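What follows is a single structure, written as structure tokens, with notes after it.
The values are calculated or read from the model by the stated rules, or taken from the named source; none is laboratory data. Everything numeric here is computed off the predicted structure, so don't read it as measured data. Please note: Cβ atoms are built from the backbone with ideal geometry, for glycine as well, and neighbour counts cover all protein chains shown.
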């Protein structure tokens, strides 16, 4: 089974007080791992697909065999989304982006504060479960969007570089039903260096796993 979870790149308690240690254990070791395991089980029915990367599967989701397409959509999306989510957070983070990413944000949204407001609203307004994204379009521009469940912008021809998980399992132990408080705290742990690295990759149409 070639698809594997990425180890958490920092300690489970490293994002406190914004995100608590128990949530990180459950989110990474149970939910994320569950998506990867279920993806492997689905692909075992068509083992020739194991030669393809998860981003490739998602970009071509409509070409996946009918009997496993939904499982690949949900679990392949869960794999890609969580690989990004845990990577773009970190301790001693927050603040604002710099360099080319900051310039692109200012061009697309007018200011970082406008991006922050739009992405927070996209996350708060997502009905049910899903993600809010800062995505790179095919022409290299930036947009804010949201996707349901474990859908990923790759399915629509875009590359997400910043993903806010608004499934309840991402925040309910600490923030209960107050999603807005979680979103506000989440900005304190965004690792802009890693987002910038993903931005440069996305300009080449690459999704980093």
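Exactly one residue out of 57, 22, 15 is in a helix (DSSP H, G or I) and surrounded by 13 or more Cβ atoms within 10 Å (Cβ to Cβ): that is 57. The residue list 124, 100 contains one member that is in a helix (DSSP H, G or I), farther than 17 Å from residue 203 by Cα and touching a residue at least 24 places away in the same chain (Cβ under 8 Å), which is 124. Working only within region 23-41, note down all residues that are more than 16 Å from residue 87 (Cβ to Cβ) and either touching a helix residue (DSSP H, G or I) at 6+ places or on another chain (Cβ under 6 Å) or modelled with pLDDT under 95 (or both). Selection gives 23, 38, 39.
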